[in-house]
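Working notes for the structure below.
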Amino acid sequence: MVDTRPAGQGGRGAEAKGYEPNVPITTSPILDWPPKPLSTLRYLLKPVMLPYGICWVALAALVWNFFTPSMQRMATLQPRWILEIYLRNVVLLTLVAGALHWVLYQRRAQAQRYKYNRRWLSTTNRSFLWTNQTRDNIFWCLVSGCGFWAVYESLTMWAYANDIIPSVQWDSAWLYLSALTVGVFLWSVTHFYLNHRLLHVRWFYDHAHYLHHRNVNTGPWSGISMHPFEHVIYFTVFLLWWVVPAHPFIVILTGLFNGLSPAVSHSGFDRVELGKRRGRTTAAGDYFHHLHHRYFECNYGNRPVPIDKLFGTFHDGTPEAHARMKQRMRDRRGNPNTSANGSATR
Ligand SMILES: [Zn+2]
Ligand SMILES: [Zn+2]
């Protein structure tokens, strides 16, 4: 039978609660006052750089050196090399999201262990293309997501190749570029908070962000499964490098982090088991963002730069935080359909 309900109706997935990690969710002390430089550095090392940050940096180095057209070719806007960048991004996203999906959802190698939502991905929901959540998500990721990712990346590369925007080189500014490498992660999550808050303004939600939120129960392909209009906004993350001097490597890292890491954070599993022996696991899904998909009115940003804490929208997973969120929703509700911050509350 075809399920005609909007995705997540009836508690937005809360009724299908599965695995819950230890709460309260911890966040980076980067915004704490008085400043905590040592704890902040420790947080930047782990979990920001270890294990995944280092992987994205290594992959960016590989991509820049071996899978990017030469600056000479990129000096002239030509469909051929832009297509090469697009196809390279498609292959990379397919490898990351496809591998996670295959292991966790097709082979179901670890069954429901560490899975946030007890349901599997929908194959009968009419709000998804072909009533199939996975196929729908793959379509939006590969056609629109990788497309706009390639457009922003290619235009930035073209601008570098023509000295339209400022750039620096590793041999003369290695310390600056090393700091900028970590800065990519901090900028990306800060930009994510800002663009995400905008997307929860009712007009933007109704015209764009609703598409991503059909995924109450997320899978790896839900990561950058977004409306094309949201992709246009989401990938403005590249535009900082039009004013701040950087390097093509930094641009590629920005693309990889924003294009690929959402596949991991939306995987739907808190941890992925490694090998046959139980107990050996690595971090995967982001419970912080999962709560945003489940409850909608909280956790717009991310843990490395927890701006939600400043604005009172942080949900740390505890019953107390949940009660605060519900009270906030009651306080802000001006009419039955719209909250005071402009968010749709369907
Ligand atoms: Zn949202
Ligand atoms: Zn999401």
- Item | Filter result (more than 11 Å from ligand 1 (Cβ to nearest atom) and in a loop (DSSP other than H, G, I, E, B)) within the range 217-241 | Asn217, Thr218, Gly219, Gly223, Ile224, Ser225, His227
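Residue by residue, here is whether (1) modelled with pLDDT under 95; (2) surrounded by 17 or more Cβ atoms within 10 Å (Cβ to Cβ); (3) part of a helix (DSSP H, G or I) holds:
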| residue | (1), (2), (3) |
| --- | --- |
| Met1 | yes, no, no |
| Tyr19 | no, yes, no |
| Pro35 | no, no, no |
| Pro51 | yes, no, yes |
| Ile54 | no, no, yes |
| Leu59 | no, yes, yes |
| Pro69 | no, yes, no |
- Residues that are more than 14 Å from the chain's Cα centre (by Cα), assigned to a loop (DSSP other than H, G, I, E, B), within 12 Å of ligand 1 (Cβ to nearest atom) and not hydrophobic (A, V, I, L, M, F, W, C), drawn from the range 287-311: Glu297
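Among the residues of the range 277-312, which ones are of a type in the set (Ser, Thr, Tyr), touching a helix residue (DSSP H, G or I) at 6+ places or on another chain (Cβ under 9 Å) and within 15 Å of ligand 2 (Cβ to nearest atom)? First the steps, then the outcome.
Let us first name the residues in the range 277-312 that are of a type in the set (Ser, Thr, Tyr), namely 281-282, 287, 295, 300.
Now drop any that are not touching a helix residue (DSSP H, G or I) at 6+ places or on another chain (Cβ under 9 Å), which leaves 282, 295, 300.
Those that are of a type in the set (Ser, Thr, Tyr), touching a helix residue (DSSP H, G or I) at 6+ places or on another chain (Cβ under 9 Å) and within 15 Å of ligand 2 (Cβ to nearest atom): Tyr295, Tyr300.
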- Query: Which members of the range 154-179 meet the condition of being of a type outside the set (Asp, Glu), in a loop (DSSP other than H, G, I, E, B) and free of Cβ contacts under 8 Å to residues at least 12 places away in the same chain?
  - Reply: Ile164
- Scanning for something touching a residue at least 60 places away in the same chain (Cβ under 8 Å) and farther than 27 Å from Ser28 by Cβ, does the range 187-195 turn up at least one residue? no
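Considering only residues of the range 292-314 that are free of Cβ contacts under 8 Å to residues at least 60 places away in the same chain and either among the charged types (D, E, K, R) or buried (at least 18 other Cβ atoms within 10 Å of the Cβ) (or both), which is nearest to Ser188 (Cα to Cα)? Quick ask: steps written out before the conclusion?
Step one: filter the range 292-314 for residues free of Cβ contacts under 8 Å to residues at least 60 places away in the same chain, giving 292, 297-299, 311-313.
Cutting the leftovers down to either among the charged types (D, E, K, R) or buried (at least 18 other Cβ atoms within 10 Å of the Cβ) (or both) gives us 292, 297-299, 313.
Values: His292: 18, Glu297: 21, Cys298: 19, Asn299: 16, Thr313: 19 Å.
That would be Asn299.
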- Task: Take Phe314 and decide whether it is out of contact with any strand residue (DSSP E or B) (no Cβ under 6 Å at 6 or more places or on another chain), modelled with pLDDT of 95 or more and not in a loop (DSSP other than H, G, I, E, B).
- Result: no
- Given the residues Leu199, Leu239, Leu256, which is the only one that is within 13 Å of ligand 2 (Cβ to nearest atom) and either among the hydrophobic types (A, V, I, L, M, F, W, C) or surrounded by fewer than 24 Cβ atoms within 10 Å (Cβ to Cβ) (or both)? Leu199
- Picking from Ser188, Ser144, which residue would you name as being in a helix (DSSP H, G or I), surrounded by 19 or more Cβ atoms within 10 Å (Cβ to Cβ), in contact with a His (Cβ under 9 Å, 6 or more places away or on another chain) and not β-branched (Val, Ile, Thr)? Ser144
- Message: When you check His231 against the structure, is it more than 11 Å from ligand 2 (Cβ to nearest atom) and either under 18 Å from the mean Cα position of the chain (by Cα) or buried (at least 21 other Cβ atoms within 10 Å of the Cβ) (or both), yes or no?
- Response: yes
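The values are calculated or read from the model by the stated rules, or taken from the named source; none is laboratory data. Worth saying up front: this structure is predicted, and the values here are computed from it rather than measured. Positions of Cβ are generated from backbone atoms using ideal geometry, with glycine treated the same way; all protein chains shown enter the neighbour counts.
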